[in-house]
1. Based on this model, can you work out whether B:Val377 counts as more than 9 Å from ligand 2 (Cβ to nearest atom), away from chain A (no Cβ under 14 Å) and not polar (S, T, N, Q)?
2. Considering the stretch B:182-211 alone, what residues qualify as being more than 10 Å from ligand 1 (Cβ to nearest atom) and of a type in the set (D, E, K, R)?
3. I'd like to know if the stretch B:154-172 contains one or more residues that are surrounded by 21 or more Cβ atoms within 10 Å (Cβ to Cβ) and within 16 Å of ligand 3 (Cβ to nearest atom).
4. Within 10 Å of chain B (Cβ to nearest Cβ), over 19 Å from the mean Cα position of the chain (by Cα), modelled with pLDDT of 95 or more and more than 30 Å from A:Val128 (Cβ to Cβ): which single residue out of A:Gly245, A:Gly206, A:Gly232 fits that description?
5. Taking the stretch B:310-327 as the search range and keeping residues that are of a type in the set (Ser, Thr, Tyr) and more than 9 Å from chain A (Cβ to nearest Cβ), which one is surrounded by the fewest Cβ atoms within 10 Å (Cβ to Cβ)?
6. Any residue in the stretch A:168-179 that is of a type outside the set (A, V, I, L, M) and crowded, with 23+ Cβ neighbours inside 10 Å?
7. Confirm whether B:Asp50 is at pLDDT 95 or above, surrounded by fewer than 20 Cβ atoms within 10 Å (Cβ to Cβ) and either among the hydrophobic types (A, V, I, L, M, F, W, C) or in contact with a helix residue (DSSP H, G or I) (Cβ under 7 Å, 6 or more places away or on another chain) (or both).
8. Which is modelled with pLDDT under 85 and crowded, with 19+ Cβ neighbours inside 10 Å, of A:Leu76, A:Leu17?
Amino acid sequence: MNDSNKHPDQATEAAGLKSRPQAPRLAVFKFASCDGCQLQILSCEDELLTIADQVQIVHFLEASSHFEEGPYDVALVEGSITTAADRDRIRQVRQQSRFLIAIGACATSGGIQALKNWGDHHEFSRCVYAEPAYIRTLSTSTAISEHVTVDFELRGCPINRLQLVEVIQALLRGQSPRTPRHSVCIDCKRRGTVCVAVAQDKVCLGPVTQSGCGAICPSFDRGCYGCFGPAGQPNCESLTEHWIGCGRSPVSLVPLMRNFNADAPAFREEGDRIDPDYDQGHVL
Amino acid sequence: MGWGEAEAMAMSRQETLANAASLWLERSTLDELIRLLRGEGFTVVGPRLDQGAIVYGEIERASDLPRGWTDDQKPGKYRLENSGGEAYFEYNVGPHSWKQFFFPPRLAVERAKREENGGWTFSRPEPSDERYALLGVRACELAAIAVQDRVMMNGPYVDREYAARRESALIIAVNCTVAAETCFCTSMGSGPRCQADFDLALTETEEGFVLEVGTEAGWEIAARLEHCEASPDQLASADRLRHRAEDQISKEMSNDGIRDLLLNNLNHPHWDKVAARCLSCTNCTMVCPTCFCSTVNDVSELAGDEVERVRQWDSCFNLEFGYTAGGTVRNSIRNRYRQWLTHKLASWHDQFDTSGCVGCGRCITWCPVGIDLTEEVEAIRQQPAKRREVPLPQPRPDACVVPGEAAADQSNRPRSVGQTIDDRQRGASDSAEAQQDASIADGGTDRE
Ligand code: SF4
Ligand code: SF4
Ligand code: SF4
């Protein structure tokens, strides 16, 4: 790609990576997570080949055992912080990286494992592990932004690979990434999917969930699970009160709020509001 | 062709021309009509069952239609039901609207490609040459199409794609014989009777169809169908069923001074009440047959050598839709709901000389929390502000007035869709000013 038609302002240090003499160095780091978002990176192989001369992937253990030390131009961080060691490691990653991008529900809100934030993690360990004494874990699972400054958060459980390509592309060009904050409903309507809440009485988080998946679940007759976290200015209370008004019990709605993005503030507050005494431990 | 020879056809045509609104089709002729239209190269689109609702999609034969089905609609609720009858059209409007065919949800409007020498070539995709025959268009939907015609192609800026699809389309209307709880076309002057703007219009009775012909193109189709003159009995049944629909309409919205009412009450406490319920999810605008907002983005592949400029449906309920340099102008649900309702029912009059609402009730049914705009208007009407809170933006008399109707317009009395829909005479520059005016009014009313 040549730079001749780029406005000089865009080629500033802060704006992007394209003006660097060397192809920018990209690293991928994993914290507490299922690796699904890293798999999404791998499934971008065609796109990554297209820009092979524009970025160097120097640290991506899921793909290659060869890795280089920092500093890095871009760090993609998957996973949440659940141990003291990871709390230290994310600080090192931050220090070594110019742009730190948190990817996925775990990195942006603590992930499904943030359910432990409502329980007693010692008890969870006792139930799961034969020798819980070997387990050293924090009592919470938290988003990367709770620990270090994050330059951009890419939502999703897992992330949408097209949005990832958009983010990388934007970084290379010195633009800000375009990842909409509107509801999933727009996507349903654009693709002609009939509302499963209105037509089939299915509980759906779509109206308060950020777009990103392209409205997959409603197109398969399922309500939205909220994989991309709360949309911009979500009105969760109105939605849950509507369902309660339609005869659903508050206790049945808490698990909907406490899902892949349980600890995202809007979902957390709404789950806590509808049933403050909900016993998260009872699922064990 | 039932009548066979050209002579007989010409004779029948003359006969029936003299007796417009009085043809009769047997029920089985519907299939013939669909096959005829397809044979003429039309893509026939109409109601069909899908995803637990009656949606609009391609129709290949009469059996694709939701025969024997009806719908039960309430705020925030839609259910399919067996009608217990044989009718093809015994239901009301569903989640889709015809705008999806003229104003597609996603459309590439421009392309750019980088050449070897580093320069760019730009190209504009040709408009679609698809010819749609819309089968089953209800009265409120005819009114909605007329509203979108004004916005998309009868003003100074013509949407090429819309115009191409719209002008080549054939419209086969259907008179409603039932009405949903959410219907209020009678309040908006748009229905339930199809009055004009169709090529053909059907009224389905227990035995068959009474057919009305609206245009020359409609004649050409009708003349090739097996038909006869409708008997007084057949006409009476059609009339009775159309009246049944009208009698079933229970929802009302008073349009009396609605423009001033809303614009005078921009700080009414009721906006906070509705904002507490509204999810700002955009569903009402997506399903509304007159809403026309879109967003345009440049989408490129990773190498950046090919770029497509894509237009997609968007909504004033989208937080990012009001994002301009310096921030988001409608940064709360209250402001976004108010923007929608005041545009639809008030400033639309200034901008397009018609209400933006045709009373189809879709926004009521498909709102996930069942917000009903007629109730929101009524709440404000019950306790309007004592005095004017902000100076009312005045429509410029020369900007949006139909010649000869200046007096009516200066009194700011909104007219119903049905009354204004036929006006396509307004000059191009007038309309541009009207738009400009409305956008000033909009900006003025929107910032807090
Ligand atoms: S609003 Fe009127 S015209 Fe539209 S579907 Fe209902 S009854 Fe028919
Ligand atoms: S505002 Fe609602 S009732 Fe009016 S035309 Fe739009 S969807 Fe139909
Ligand atoms: S009025 Fe209803 S459909 Fe419209 S944005 Fe609000 S909640 Fe969504």
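The values are calculated or read from the model by the stated rules, or taken from the named source; none is laboratory data. It should be emphasised that the depicted structure is a prediction, and the values quoted were computed from it without experimental measurement. All Cβ positions, glycine included, derive from the backbone under ideal geometry; neighbour counts span all protein chains shown.
1. Against the criterion (more than 9 Å from ligand 2 (Cβ to nearest atom), away from chain A (no Cβ under 14 Å) and not polar (S, T, N, Q)), B:Val377 qualifies.
2. Residues satisfying the conditions are B:Asp197, B:Asp199, B:Glu204, B:Glu206, B:Glu207.
3. No; the residues of the stretch B:154-172 include none that is surrounded by 21 or more Cβ atoms within 10 Å (Cβ to Cβ) and within 16 Å of ligand 3 (Cβ to nearest atom).
4. Details: A:Gly206 fails: over 19 Å from the mean Cα position of the chain (by Cα); A:Gly232 fails: over 19 Å from the mean Cα position of the chain (by Cα).
Testing whether each residue is within 10 Å of chain B (Cβ to nearest Cβ), over 19 Å from the mean Cα position of the chain (by Cα), modelled with pLDDT of 95 or more and more than 30 Å from A:Val128 (Cβ to Cβ) leaves just A:Gly245.
5. The selected residue is B:Thr324.
6. Within the stretch A:168-179, none of the residues are of a type outside the set (A, V, I, L, M) and crowded, with 23+ Cβ neighbours inside 10 Å.
7. no
8. A:Leu17
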